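Everything on this sheet refers to the single structure shown next.
Where a number appears in this text, it was derived from the coordinates with a stated rule and is not lab data. Model, not experiment: these values are computed from the prediction. We place every Cβ from the backbone using ideal geometry, glycine too, and count neighbours over all the protein chains shown.
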Amino acid sequence: MSTATSTPPPKKLNIIQLDMSSYRGSKSTLCAGCGHNAITERVTEAFWEMGVEPWQVMKFSGIGCSAKTPAYFLSSSHGINAVHGRAPTVATGAIVANRTLPSIVVTGDGDTASIGIGHFVHMLRRNLPLVYIIENNGVYGLTKGQFSATADVGSTLKTGTPNDLQPIDCCLLGIELGATFVARSFSGDKRQLSAILKAALAHKGLAVIDVISPCVTFNDHVGSTRSYAYMKDHEEPLHELDFIPGYEDISVEFDEGSTTEVRLHDGSRLRLKKLDRDYDPRDRMLAVRTINEAAQTGEVVTGVLYIQTEAPTLVDRLNMTDEPLSTLPEARVRPSREALAQIMDDFR
Ligand SMILES: Cc1ncc(C[n+]2csc(CCOP(=O)(O)OP(=O)(O)O)c2C)c(N)n1
Ligand code: SF4
Ligand SMILES: [Mg+2]
């Protein structure tokens with residue numbers, strides 16, 4: 001009897017001839033059903049679809065369940081698991097040292113809006129070229145579910161205790177203080193999150209993405225405003241998003257009345273199709289008003305809230321050499337004996 005061996009189907013390759021396995025990391029140790037796992041999947045796909053060289057990427061995190069997630073994607077990239085809340089600061093140093101490497105921070109709502117808030121706001125002012133994802137579950141998941149600073153007033157803990165402090169809205173902070181791409185999404189909204197992540201990777205500047213990511217163990221009950229059920233009933237997408245990468249030479253007619261197209265720095269295009277309202281994410285005041293109005297009614301508006309494609313980034317402002325600082329030999333970074341003598345003379 002002959003035994004027929006079936007050949008496995010060929011692996012799908014991206015534009016740089018790599019299959020998805022080159023973009024994966026180690027197996028997740030987070031709870032099954034945690035929103036953070038779905039975000040990891042979307043991040044992995046986005047890097048693969050954009051054809052980013054995984055070994056070039058720098059990934060950063062702080063401390064928390066969210067901070068573990070960079071271990072679950074891009075295992076061949078450069079990774080730094082920093083101190084709680086300090087990913088923006090460590091990333092600033094690394095990007096200044098080598099501005100040619102694509103960078104991503106994955107952080108939590110506690111990490112960003114509680115202990116790391118001072119670091120977060122200064123990163124915003126600098127428009128650091130970086131994708132900054134906040135896995136927002138409204139609690140400190142890793143330390144067993146205390147309210148974080150993004151928890152809504154009236155939202156309850158599992159014990160029934162309500163939160164009575166005003167939340168910090170990281171998207172509002174981002175828009176006010178200088179981030180040039182600000183989006184909100186939901187870990188369960190596969191299509192929208194995927195388009196946002198790819199656009200963020202193509203954006204030149206700081207992309208802050210606040211992703212509602214339910215914590216199934218500590219914050220997924222009735223009374224929580226970060227649960228799967230709450231998001232199912234209260235998510236209000238501002239538009240339908242399509243991302244067309246720069247390497248795809250597709251020209252499709254679009255209806256200007258109902259679609260806005262934003263051209264990104266690398267030639268990619270972001271198409272925003274109107275849903276039941278007019279929304280132009282290039283209008284900063286409209287973005288602030290829309291987020292504030294939604295907060296009054298308990299709706300969670302999602303999509304690209306704000307985009308500005310012209311602002312200089314931190315590395316533009318620093319006016320550095322073309323070669324990354326980290327590659328310069330000592331002879332080019334250390335002032336000469338004569339230059340030091342000149343400085344000393346100036347103080348005499
Ligand atoms: C300096 C410091 N303070 C406090 C802690 C304790 N701690 C660990 S994780 C965490 C909060 C994590 O919450 P979040 O950033 O929302 O991440 P999640 O676990 O919810 O994904 C805290 C307070 C710590 N590790 N280090
Ligand atoms: S405790 Fe919550 S945030 Fe942490 S892994 Fe479990 S579900 Fe996710
Ligand atoms: Mg959290």
* Spin-label point model (7 Å from Cα, Cβ direction): what's the Arg263 to Glu248 distance in nm? -> 1.9
* At a Cα cut-off below 17 Å, give the aspartates and glutamates reachable from Lys11, other chains included and same-chain residues fewer than 8 away excluded. => Asp19, Glu45, Glu49
* To do: Kindly write out, for the range 275-287 in residue order, the coupling ³J(HN,Hα) from the Karplus curve 6.51 cos²θ - 1.76 cosθ + 1.60 (θ = phi - 60°), rounded to whole Hz, with x marking Gly and Pro.
  => 9, 9, 8, 7, 9, 10, x, 7, 9, 5, 5, 5, 4
* Within the set of other residues whose C-beta is less than 12 Å from the C-beta of Arg24, count the net charge using Lys and Arg as +1 and Asp and Glu as -1. => -2
* Structure fact -> Extend 7 Å from the Cα of Ser76 along its Cα-to-C-beta direction; within the range 47-70, residues with backbone N under 13 Å of that point are 48, 52-57
* Report, in whole Å, the centroid distance computed from the Cα atoms of the range 9-61 and the range 259-317. => 26
* **Length gained when the stretch Ala97-His221 is fully extended (0.36 nm per residue, less Cα-Cα span)** => 40.2 nm
* What is the calculated FRET efficiency for Asp322 to Glu53, with r their C-beta to C-beta distance and R₀ = 22 Å, to the nearest 0.05? -> 0.70
* **Cα gyration tensor of the range 20-321 - equivalent ellipsoid semi-axes, whole Å, descending** => 27, 23, 19
* Structure fact -> Sorted by chain and number, the residues with a modelled amide H under 5 Å from that of Leu130, at a separation of 5 or more or across chains, are Gly205, Leu206, Ala207
* To do: Excluding residues fewer than 8 places away in the same chain, name every one of the lysines whose C-alpha is closer than 28 Å to that of Lys144.
  => Lys27, Lys59, Lys68, Lys158, Lys190, Lys232
* **Segments 257-264, 100-107 sorted - mean Cβ within 10 Å per residue, highest first** => 100-107, 257-264
